[in-house]
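In what follows, a structure is listed as C-alpha coordinates, so that the remarks can point back to it.
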Amino acid sequence: MSEWHEAEKFVDRAHEFYELGRWDEAEAELRKALARNPYQAEWHFNLGLTLEAAGRNRDAVEAFSSAFELSDEDPQAALLAGVNALRADEPKLGLSWLDRAEKLDPASTAPFVHRIDAYRRLADHEQAETMFYLGQQVDAEDPELYAAMAESLLDRREFERAIWCLREAARLDPAMPRVRARLADSYRATGRLERARQLYLRELRDNPGDIETLLDLGCLLADMNRLMEASEKFRRVLEIEPDNRDAQFYLGDLAERAGHTQQALRQYEVVLRLDPNYPEARRRVAGLILNRAQGDDLALVHRLLRMELRDADQRPHAYDEQDIDQLARLLLDSGLAEEAERLYTQLATRRPTEARYSHLRSVALLEAGKIDEGISAARCALAIAPRLIPAMHNLALAYLSRGQWLRARYWVRQGLAVDREDAPLRRLRTRLRLRAVADLTRWTLRLGRRPRTHKPRPA
(Lines give C-alpha, C1' and ligand atoms only; values in the text may rest on other atoms or scores of the structure.)
Protein backbone atom coordinates (compact mmCIF):
# COMPACT_ATOMS: atom_id res chain seq x y z
CA MET A 1 0.00 0.00 0.00
CA SER A 2 2.84 2.40 0.82
CA GLU A 3 4.39 1.77 -2.63
CA TRP A 4 1.11 2.72 -4.27
CA HIS A 5 0.92 6.00 -2.33
CA GLU A 6 4.56 6.70 -3.09
CA ALA A 7 3.94 6.15 -6.81
CA GLU A 8 0.97 8.54 -6.67
CA LYS A 9 3.21 11.17 -5.11
CA PHE A 10 5.70 10.73 -7.94
CA VAL A 11 2.88 11.24 -10.45
CA ASP A 12 1.67 14.40 -8.65
CA ARG A 13 5.20 15.83 -8.67
CA ALA A 14 5.55 14.92 -12.34
CA HIS A 15 2.40 16.92 -13.06
CA GLU A 16 3.84 19.95 -11.24
CA PHE A 17 7.10 19.72 -13.19
CA TYR A 18 5.13 19.34 -16.44
CA GLU A 19 3.17 22.52 -15.74
CA LEU A 20 6.48 24.33 -15.18
CA GLY A 21 7.93 23.02 -18.46
CA ARG A 22 10.62 21.00 -16.63
CA TRP A 23 10.34 17.97 -18.88
CA ASP A 24 13.37 15.99 -17.67
CA GLU A 25 12.26 16.14 -14.04
CA ALA A 26 8.68 15.27 -14.97
CA GLU A 27 9.93 12.26 -16.93
CA ALA A 28 12.11 11.13 -14.02
CA GLU A 29 9.17 11.25 -11.57
CA LEU A 30 6.89 9.33 -13.94
CA ARG A 31 9.50 6.65 -14.48
CA LYS A 32 9.84 6.25 -10.72
CA ALA A 33 6.07 5.78 -10.50
CA LEU A 34 6.06 3.26 -13.35
CA ALA A 35 8.92 1.34 -11.74
CA ARG A 36 6.58 0.69 -8.82
CA ASN A 37 3.46 0.07 -10.90
CA PRO A 38 4.04 -0.43 -14.66
CA TYR A 39 0.39 -1.31 -15.37
CA GLN A 40 -1.10 2.17 -15.23
CA ALA A 41 -2.08 3.18 -18.76
CA GLU A 42 -2.67 6.79 -17.71
CA TRP A 43 0.89 7.11 -16.40
CA HIS A 44 2.32 5.77 -19.65
CA PHE A 45 0.09 8.23 -21.52
CA ASN A 46 1.36 11.12 -19.36
CA LEU A 47 4.92 9.98 -20.00
CA GLY A 48 4.17 10.11 -23.72
CA LEU A 49 2.86 13.67 -23.39
CA THR A 50 5.98 14.67 -21.45
CA LEU A 51 8.35 13.14 -24.00
CA GLU A 52 6.36 14.75 -26.82
CA ALA A 53 6.69 18.16 -25.14
CA ALA A 54 10.45 17.56 -24.80
CA GLY A 55 10.70 16.83 -28.53
CA ARG A 56 11.66 13.17 -27.99
CA ASN A 57 9.08 11.87 -30.42
CA ARG A 58 10.47 8.39 -30.98
CA ASP A 59 10.45 7.74 -27.21
CA ALA A 60 6.96 9.21 -27.05
CA VAL A 61 5.75 6.61 -29.57
CA GLU A 62 6.90 3.83 -27.22
CA ALA A 63 5.12 5.42 -24.25
CA PHE A 64 1.85 5.87 -26.14
CA SER A 65 2.18 2.32 -27.45
CA SER A 66 2.38 1.03 -23.86
CA ALA A 67 -0.65 3.14 -22.90
CA PHE A 68 -2.54 1.75 -25.89
CA GLU A 69 -1.85 -1.86 -24.89
CA LEU A 70 -2.90 -1.28 -21.27
CA SER A 71 -5.99 0.85 -21.94
CA ASP A 72 -8.05 -1.56 -24.00
CA GLU A 73 -6.96 0.08 -27.25
CA ASP A 74 -7.53 3.77 -26.54
CA PRO A 75 -7.90 5.59 -29.92
CA GLN A 76 -6.29 8.74 -28.49
CA ALA A 77 -3.13 6.79 -27.57
CA ALA A 78 -3.03 5.31 -31.08
CA LEU A 79 -3.52 8.74 -32.64
CA LEU A 80 -0.72 10.34 -30.61
CA ALA A 81 1.58 7.39 -31.32
CA GLY A 82 0.96 8.01 -35.03
CA VAL A 83 1.47 11.78 -34.76
CA ASN A 84 4.76 11.35 -32.91
CA ALA A 85 5.95 8.74 -35.42
CA LEU A 86 5.39 11.33 -38.15
CA ARG A 87 7.34 13.91 -36.16
CA ALA A 88 10.13 11.34 -35.76
CA ASP A 89 10.18 11.08 -39.57
CA GLU A 90 8.76 7.58 -39.66
CA PRO A 91 5.66 7.97 -41.84
CA LYS A 92 5.11 4.24 -42.41
CA LEU A 93 5.06 3.56 -38.68
CA GLY A 94 2.80 6.57 -38.28
CA LEU A 95 0.33 5.20 -40.81
CA SER A 96 0.04 1.89 -38.97
CA TRP A 97 -0.98 3.72 -35.78
CA LEU A 98 -3.27 6.16 -37.57
CA ASP A 99 -5.09 3.30 -39.28
CA ARG A 100 -5.80 1.80 -35.84
CA ALA A 101 -6.99 5.15 -34.50
CA GLU A 102 -9.43 5.57 -37.41
CA LYS A 103 -10.87 2.06 -36.93
CA LEU A 104 -11.40 2.67 -33.21
CA ASP A 105 -12.91 6.16 -33.68
CA PRO A 106 -14.46 6.38 -37.17
CA ALA A 107 -16.28 9.61 -36.26
CA SER A 108 -13.03 11.55 -35.90
CA THR A 109 -11.35 13.37 -38.79
CA ALA A 110 -8.00 13.61 -36.94
CA PRO A 111 -6.63 10.29 -38.29
CA PHE A 112 -7.45 11.41 -41.85
CA VAL A 113 -5.72 14.76 -41.33
CA HIS A 114 -2.51 13.09 -40.18
CA ARG A 115 -2.70 10.37 -42.83
CA ILE A 116 -2.72 13.12 -45.46
CA ASP A 117 0.55 14.31 -43.91
CA ALA A 118 1.98 10.77 -43.80
CA TYR A 119 1.25 10.08 -47.47
CA ARG A 120 2.61 13.52 -48.38
CA ARG A 121 5.89 12.65 -46.66
CA LEU A 122 5.97 9.40 -48.65
CA ALA A 123 5.31 11.42 -51.85
CA ASP A 124 2.14 9.36 -52.41
CA HIS A 125 -0.02 12.37 -53.18
CA GLU A 126 -2.80 10.35 -54.78
CA GLN A 127 -3.40 8.55 -51.49
CA ALA A 128 -3.13 11.85 -49.62
CA GLU A 129 -5.98 13.19 -51.76
CA THR A 130 -8.00 10.04 -51.12
CA MET A 131 -7.63 10.60 -47.36
CA PHE A 132 -8.84 14.18 -47.84
CA TYR A 133 -12.04 13.07 -49.56
CA LEU A 134 -12.65 10.30 -47.00
CA GLY A 135 -12.19 12.82 -44.20
CA GLN A 136 -14.68 15.15 -45.84
CA GLN A 137 -17.27 12.37 -45.65
CA VAL A 138 -16.82 12.42 -41.87
CA ASP A 139 -16.77 16.23 -41.50
CA ALA A 140 -16.65 18.46 -44.56
CA GLU A 141 -16.20 21.54 -42.33
CA ASP A 142 -12.97 20.49 -40.61
CA PRO A 143 -10.40 23.24 -41.39
CA GLU A 144 -7.47 20.93 -40.54
CA LEU A 145 -8.37 18.71 -43.52
CA TYR A 146 -8.05 21.65 -45.91
CA ALA A 147 -4.81 22.84 -44.35
CA ALA A 148 -3.25 19.36 -44.56
CA MET A 149 -4.38 18.93 -48.17
CA ALA A 150 -2.85 22.30 -49.03
CA GLU A 151 0.57 21.03 -47.90
CA SER A 152 0.35 18.11 -50.32
CA LEU A 153 -0.69 20.45 -53.13
CA LEU A 154 2.18 22.83 -52.35
CA ASP A 155 4.63 19.91 -52.60
CA ARG A 156 3.21 19.22 -56.06
CA ARG A 157 3.41 22.92 -56.93
CA GLU A 158 -0.34 23.04 -57.56
CA PHE A 159 -0.48 26.50 -56.08
CA GLU A 160 -3.94 27.61 -57.17
CA ARG A 161 -5.58 24.53 -55.65
CA ALA A 162 -3.49 25.01 -52.52
CA ILE A 163 -4.65 28.63 -52.29
CA TRP A 164 -8.28 27.47 -52.49
CA CYS A 165 -7.74 24.94 -49.69
CA LEU A 166 -6.01 27.49 -47.46
CA ARG A 167 -8.77 30.03 -48.05
CA GLU A 168 -11.31 27.42 -46.98
CA ALA A 169 -9.27 26.62 -43.88
CA ALA A 170 -9.07 30.32 -42.99
CA ARG A 171 -12.81 30.74 -43.58
CA LEU A 172 -13.65 27.80 -41.33
CA ASP A 173 -11.15 28.77 -38.61
CA PRO A 174 -9.74 32.32 -38.91
CA ALA A 175 -7.66 31.73 -35.75
CA MET A 176 -5.88 28.65 -37.14
CA PRO A 177 -2.12 29.09 -36.49
CA ARG A 178 -0.14 30.26 -39.53
CA VAL A 179 -2.95 29.72 -42.03
CA ARG A 180 -2.42 33.21 -43.46
CA ALA A 181 1.34 32.63 -43.52
CA ARG A 182 0.91 29.44 -45.56
CA LEU A 183 -1.45 31.31 -47.88
CA ALA A 184 1.27 33.95 -48.22
CA ASP A 185 3.77 31.19 -49.12
CA SER A 186 1.46 30.16 -51.97
CA TYR A 187 1.11 33.69 -53.29
CA ARG A 188 4.87 34.14 -53.07
CA ALA A 189 5.39 30.98 -55.13
CA THR A 190 3.09 32.34 -57.86
CA GLY A 191 4.90 35.69 -57.99
CA ARG A 192 2.24 37.74 -56.16
CA LEU A 193 4.82 39.14 -53.78
CA GLU A 194 3.00 42.20 -52.48
CA ARG A 195 -0.09 40.14 -51.65
CA ALA A 196 2.16 37.66 -49.82
CA ARG A 197 3.81 40.49 -47.86
CA GLN A 198 0.45 41.83 -46.69
CA LEU A 199 -0.61 38.37 -45.49
CA TYR A 200 2.64 37.83 -43.57
CA LEU A 201 2.15 41.21 -41.89
CA ARG A 202 -1.42 40.29 -40.93
CA GLU A 203 -0.16 37.05 -39.41
CA LEU A 204 2.49 38.95 -37.43
CA ARG A 205 -0.07 41.45 -36.13
CA ASP A 206 -1.82 38.54 -34.42
CA ASN A 207 1.38 36.65 -33.53
CA PRO A 208 4.22 39.22 -33.42
CA GLY A 209 6.76 36.75 -32.05
CA ASP A 210 6.11 33.94 -34.53
CA ILE A 211 9.62 32.98 -35.63
CA GLU A 212 8.62 30.99 -38.68
CA THR A 213 6.54 33.84 -40.10
CA LEU A 214 9.32 36.35 -39.39
CA LEU A 215 11.75 34.14 -41.31
CA ASP A 216 9.33 33.71 -44.21
CA LEU A 217 8.71 37.45 -44.40
CA GLY A 218 12.45 38.13 -44.30
CA CYS A 219 13.01 35.77 -47.22
CA LEU A 220 10.20 37.41 -49.18
CA LEU A 221 11.66 40.87 -48.57
CA ALA A 222 15.03 39.60 -49.79
CA ASP A 223 13.32 38.35 -52.96
CA MET A 224 11.81 41.82 -53.35
CA ASN A 225 15.32 43.31 -52.99
CA ARG A 226 14.31 45.07 -49.77
CA LEU A 227 17.46 43.87 -48.09
CA MET A 228 17.53 46.24 -45.11
CA GLU A 229 13.98 45.28 -44.14
CA ALA A 230 14.85 41.60 -44.58
CA SER A 231 17.88 41.99 -42.33
CA GLU A 232 15.71 43.65 -39.68
CA LYS A 233 13.33 40.64 -39.65
CA PHE A 234 16.18 38.14 -39.29
CA ARG A 235 17.74 40.18 -36.48
CA ARG A 236 14.35 40.31 -34.78
CA VAL A 237 14.34 36.49 -34.82
CA LEU A 238 17.78 36.47 -33.17
CA GLU A 239 16.50 38.79 -30.45
CA ILE A 240 13.84 36.19 -29.66
CA GLU A 241 16.04 33.13 -30.23
CA PRO A 242 19.77 34.00 -30.37
CA ASP A 243 20.89 30.59 -31.61
CA ASN A 244 18.39 30.35 -34.45
CA ARG A 245 20.37 28.75 -37.30
CA ASP A 246 18.01 29.81 -40.07
CA ALA A 247 18.21 33.50 -39.16
CA GLN A 248 22.01 33.29 -39.01
CA PHE A 249 22.04 31.58 -42.40
CA TYR A 250 19.78 34.15 -44.04
CA LEU A 251 21.96 36.99 -42.75
CA GLY A 252 24.85 35.22 -44.47
CA ASP A 253 22.78 35.02 -47.63
CA LEU A 254 22.11 38.78 -47.48
CA ALA A 255 25.84 39.45 -47.06
CA GLU A 256 26.57 37.19 -50.05
CA ARG A 257 23.99 39.03 -52.18
CA ALA A 258 25.67 42.31 -51.26
CA GLY A 259 29.04 40.94 -52.36
CA HIS A 260 30.49 40.85 -48.81
CA THR A 261 32.14 37.46 -49.16
CA GLN A 262 34.11 37.46 -45.92
CA GLN A 263 31.12 38.56 -43.88
CA ALA A 264 28.99 35.86 -45.52
CA LEU A 265 31.64 33.22 -44.75
CA ARG A 266 31.76 34.29 -41.10
CA GLN A 267 27.99 34.10 -40.88
CA TYR A 268 27.86 30.62 -42.43
CA GLU A 269 30.60 29.49 -40.06
CA VAL A 270 28.38 30.57 -37.16
CA VAL A 271 25.62 28.40 -38.62
CA LEU A 272 27.94 25.40 -38.88
CA ARG A 273 29.11 25.89 -35.30
CA LEU A 274 25.47 25.82 -34.19
CA ASP A 275 24.69 22.86 -36.45
CA PRO A 276 27.57 21.11 -38.26
CA ASN A 277 24.98 19.25 -40.37
CA TYR A 278 23.16 22.33 -41.70
CA PRO A 279 23.16 21.30 -45.39
CA GLU A 280 22.79 24.57 -47.25
CA ALA A 281 25.51 26.26 -45.17
CA ARG A 282 28.01 23.59 -46.21
CA ARG A 283 27.20 24.18 -49.86
CA ARG A 284 27.46 27.95 -49.50
CA VAL A 285 30.84 27.80 -47.74
CA ALA A 286 32.13 25.40 -50.39
CA GLY A 287 30.89 27.65 -53.19
CA LEU A 288 32.36 30.84 -51.73
CA ILE A 289 35.86 29.48 -51.23
CA LEU A 290 35.93 27.39 -54.38
CA ASN A 291 37.33 30.14 -56.62
CA ARG A 292 40.29 30.73 -54.35
CA ALA A 293 40.61 27.05 -53.38
CA GLN A 294 44.15 25.80 -53.23
CA GLY A 295 45.79 23.26 -50.97
CA ASP A 296 44.00 23.19 -47.63
CA ASP A 297 41.11 25.29 -49.00
CA LEU A 298 40.36 22.74 -51.69
CA ALA A 299 40.60 19.91 -49.15
CA LEU A 300 38.03 21.75 -46.99
CA VAL A 301 35.71 22.16 -49.99
CA HIS A 302 35.97 18.45 -50.75
CA ARG A 303 35.31 17.53 -47.12
CA LEU A 304 32.21 19.74 -46.92
CA LEU A 305 30.81 18.49 -50.21
CA ARG A 306 31.38 14.84 -49.32
CA MET A 307 29.59 15.41 -46.00
CA GLU A 308 26.73 16.93 -47.96
CA LEU A 309 26.69 13.99 -50.36
CA ARG A 310 26.48 11.50 -47.47
CA ASP A 311 23.63 13.52 -45.97
CA ALA A 312 21.78 13.53 -49.30
CA ASP A 313 22.16 9.73 -49.49
CA GLN A 314 20.91 9.23 -45.95
CA ARG A 315 18.04 11.75 -46.07
CA PRO A 316 16.89 11.90 -49.70
CA HIS A 317 13.49 13.35 -48.71
CA ALA A 318 15.26 16.43 -47.32
CA TYR A 319 16.83 17.33 -50.69
CA ASP A 320 14.73 18.59 -53.55
CA GLU A 321 15.80 18.71 -57.19
CA GLN A 322 17.29 22.19 -56.85
CA ASP A 323 19.42 21.09 -53.85
CA ILE A 324 20.77 18.07 -55.74
CA ASP A 325 21.45 20.18 -58.84
CA GLN A 326 23.37 22.75 -56.78
CA LEU A 327 25.39 20.06 -55.00
CA ALA A 328 26.21 18.30 -58.28
CA ARG A 329 27.40 21.58 -59.81
CA LEU A 330 29.69 22.27 -56.84
CA LEU A 331 31.09 18.73 -57.00
CA LEU A 332 31.80 19.17 -60.69
CA ASP A 333 33.39 22.61 -60.25
CA SER A 334 35.62 21.33 -57.44
CA GLY A 335 36.96 18.44 -59.48
CA LEU A 336 34.88 15.64 -57.90
CA ALA A 337 33.58 14.54 -61.29
CA GLU A 338 32.67 10.95 -60.39
CA GLU A 339 30.54 12.06 -57.44
CA ALA A 340 28.89 14.73 -59.63
CA GLU A 341 28.18 12.15 -62.33
CA ARG A 342 26.29 9.98 -59.82
CA LEU A 343 23.97 12.87 -58.93
CA TYR A 344 23.46 13.91 -62.54
CA THR A 345 22.55 10.30 -63.34
CA GLN A 346 19.84 10.52 -60.65
CA LEU A 347 18.56 13.80 -62.05
CA ALA A 348 18.61 12.55 -65.65
CA THR A 349 16.70 9.43 -64.60
CA ARG A 350 14.17 11.53 -62.70
CA ARG A 351 13.81 14.01 -65.59
CA PRO A 352 14.36 11.99 -68.79
CA THR A 353 13.13 14.86 -70.98
CA GLU A 354 15.51 17.42 -69.43
CA ALA A 355 18.43 17.70 -71.85
CA ARG A 356 20.48 19.80 -69.43
CA TYR A 357 20.92 16.93 -66.97
CA SER A 358 22.06 14.49 -69.66
CA HIS A 359 24.47 17.14 -70.94
CA LEU A 360 25.94 17.81 -67.48
CA ARG A 361 26.20 14.08 -66.89
CA SER A 362 28.27 13.87 -70.09
CA VAL A 363 30.51 16.69 -68.81
CA ALA A 364 31.10 14.83 -65.55
CA LEU A 365 31.82 11.56 -67.36
CA LEU A 366 34.28 13.20 -69.74
CA GLU A 367 36.06 14.95 -66.87
CA ALA A 368 36.26 11.61 -65.06
CA GLY A 369 37.97 10.15 -68.12
CA LYS A 370 35.03 7.93 -69.11
CA ILE A 371 35.08 8.96 -72.75
CA ASP A 372 32.75 6.33 -74.23
CA GLU A 373 30.08 6.88 -71.56
CA GLY A 374 30.50 10.66 -71.90
CA ILE A 375 29.93 10.46 -75.66
CA SER A 376 26.85 8.33 -75.11
CA ALA A 377 25.42 10.81 -72.56
CA ALA A 378 26.08 13.75 -74.91
CA ARG A 379 24.24 11.91 -77.70
CA CYS A 380 21.31 11.36 -75.28
CA ALA A 381 21.22 15.11 -74.63
CA LEU A 382 21.15 15.78 -78.39
CA ALA A 383 18.37 13.24 -78.87
CA ILE A 384 16.29 15.39 -76.49
CA ALA A 385 17.50 18.79 -77.77
CA PRO A 386 19.04 18.43 -81.27
CA ARG A 387 20.29 22.04 -81.33
CA LEU A 388 22.12 21.90 -77.97
CA ILE A 389 25.48 23.45 -78.86
CA PRO A 390 27.30 22.61 -75.57
CA ALA A 391 26.65 18.90 -76.20
CA MET A 392 28.08 19.22 -79.73
CA HIS A 393 31.11 21.01 -78.30
CA ASN A 394 31.64 18.17 -75.82
CA LEU A 395 31.41 15.57 -78.56
CA ALA A 396 33.98 17.47 -80.64
CA LEU A 397 36.35 17.63 -77.65
CA ALA A 398 35.80 13.97 -76.82
CA TYR A 399 36.66 12.85 -80.34
CA LEU A 400 39.55 15.28 -80.44
CA SER A 401 40.99 13.71 -77.27
CA ARG A 402 40.95 10.35 -79.05
CA GLY A 403 42.60 11.72 -82.17
CA GLN A 404 39.45 11.24 -84.26
CA TRP A 405 39.81 14.51 -86.16
CA LEU A 406 37.16 13.89 -88.80
CA ARG A 407 34.46 13.18 -86.21
CA ALA A 408 35.54 16.18 -84.16
CA ARG A 409 35.36 18.36 -87.28
CA TYR A 410 31.87 17.01 -88.04
CA TRP A 411 30.50 18.13 -84.64
CA VAL A 412 32.17 21.52 -84.92
CA ARG A 413 30.45 22.02 -88.28
CA GLN A 414 27.12 20.87 -86.81
CA GLY A 415 27.40 23.36 -83.97
CA LEU A 416 28.40 26.27 -86.19
CA ALA A 417 25.45 25.51 -88.44
CA VAL A 418 23.25 26.29 -85.42
CA ASP A 419 25.23 29.33 -84.28
CA ARG A 420 28.07 30.50 -86.50
CA GLU A 421 29.19 33.05 -83.87
CA ASP A 422 29.69 30.53 -81.03
CA ALA A 423 33.14 31.45 -79.68
CA PRO A 424 34.20 28.06 -78.22
CA LEU A 425 33.33 26.27 -81.46
CA ARG A 426 35.14 28.89 -83.54
CA ARG A 427 38.26 28.41 -81.40
CA LEU A 428 37.95 24.68 -81.82
CA ARG A 429 37.56 25.07 -85.57
CA THR A 430 40.74 27.16 -85.64
CA ARG A 431 42.51 24.48 -83.65
CA LEU A 432 41.39 21.80 -86.09
CA ARG A 433 42.50 23.91 -89.06
CA LEU A 434 45.93 24.44 -87.51
CA ARG A 435 46.13 20.74 -86.93
CA ALA A 436 45.23 20.08 -90.56
CA VAL A 437 47.92 22.57 -91.72
CA ALA A 438 50.46 20.95 -89.41
CA ASP A 439 49.58 17.50 -90.76
CA LEU A 440 49.91 18.76 -94.34
CA THR A 441 53.29 20.37 -93.56
CA ARG A 442 54.61 17.20 -91.94
CA TRP A 443 53.40 15.14 -94.93
CA THR A 444 55.12 17.54 -97.35
CA LEU A 445 58.37 17.45 -95.40
CA ARG A 446 58.34 13.68 -95.28
CA LEU A 447 57.74 13.60 -99.03
CA GLY A 448 60.66 16.00 -99.61
CA ARG A 449 63.01 13.81 -97.59
CA ARG A 450 62.23 10.62 -99.50
CA PRO A 451 65.37 9.42 -101.48
CA ARG A 452 65.14 9.67 -105.25
CA THR A 453 65.42 6.45 -107.22
CA HIS A 454 66.94 6.31 -110.72
CA LYS A 455 65.88 3.77 -113.23
CA PRO A 456 68.90 2.16 -115.04
CA ARG A 457 69.26 3.19 -118.62
CA PRO A 458 68.79 0.45 -121.19
CA ALA A 459 72.02 -0.83 -122.71
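The values are calculated or read from the model by the stated rules, or taken from the named source; none is laboratory data. Fair warning: this is a prediction, and the values are worked out from it, not measured in the lab. We place every Cβ from the backbone using ideal geometry, glycine too, and count neighbours over all the protein chains shown.
Can you pull out every residue in region 245-265 that is part of a helix (DSSP H, G or I) and exposed (fewer than 14 other Cβ atoms within 10 Å of the Cβ)?
Arg257, Gln262
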Test set (1) under 43 Å from the mean Cα position of the chain (by Cα); (2) over 18 Å from Leu86 (Cβ atoms); (3) assigned to a helix (DSSP H, G or I) - Val61 fails condition number: (2)
Filter result for Pro242 (assigned to a loop (DSSP other than H, G, I, E, B), at pLDDT 90 or above, at negative phi and not aliphatic (A, V, I, L, M)): yes
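Okay, residues lined up against (1) without any contact (Cβ under 8 Å) to a residue 60 or more places away in the chain; (2) among the β-branched types (Val, Ile, Thr); (3) surrounded by 18 or more Cβ atoms within 10 Å (Cβ to Cβ):
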{"residue": "Ala318", "(1), (2), (3)": "yes, no, no"}
{"residue": "Gln322", "(1), (2), (3)": "yes, no, no"}
{"residue": "Ala328", "(1), (2), (3)": "yes, no, yes"}
{"residue": "Ala364", "(1), (2), (3)": "yes, no, yes"}
{"residue": "Leu382", "(1), (2), (3)": "yes, no, yes"}
{"residue": "Val412", "(1), (2), (3)": "yes, yes, yes"}
Which numbered condition Glu212 fails, given (1) modelled with pLDDT of 90 or more; (2) over 24 Å from the mean Cα position of the chain (by Cα); (3) surrounded by fewer than 16 Cβ atoms within 10 Å (Cβ to Cβ): (2)
When residues of region 384-410 are limited to those that are under 24 Å from Ala340 (Cα atoms) and of a type in the set (S, T, N, Q), the one surrounded by the most Cβ atoms within 10 Å (Cβ to Cβ): Asn394
Verdict on Ser96 being over 24 Å from Glu321 (Cβ atoms), free of Cβ contacts under 8 Å to residues at least 40 places away in the same chain and within 29 Å of the chain's Cα centre (by Cα): yes
Flag for Met228 being under 27 Å from Val271 (Cα atoms), aliphatic (A, V, I, L, M) and exposed (fewer than 14 other Cβ atoms within 10 Å of the Cβ): yes
Filter result for Ala230 (part of a helix (DSSP H, G or I), touching a Phe, Trp or Tyr at 6+ places or on another chain (Cβ under 8 Å) and free of Cβ contacts under 8 Å to residues at least 40 places away in the same chain): yes
Criterion: under 25 Å from Arg257 (Cβ atoms), over 26 Å from the mean Cα position of the chain (by Cα) and surrounded by fewer than 20 Cβ atoms within 10 Å (Cβ to Cβ) - qualifying residue of Leu201, Leu238: Leu201
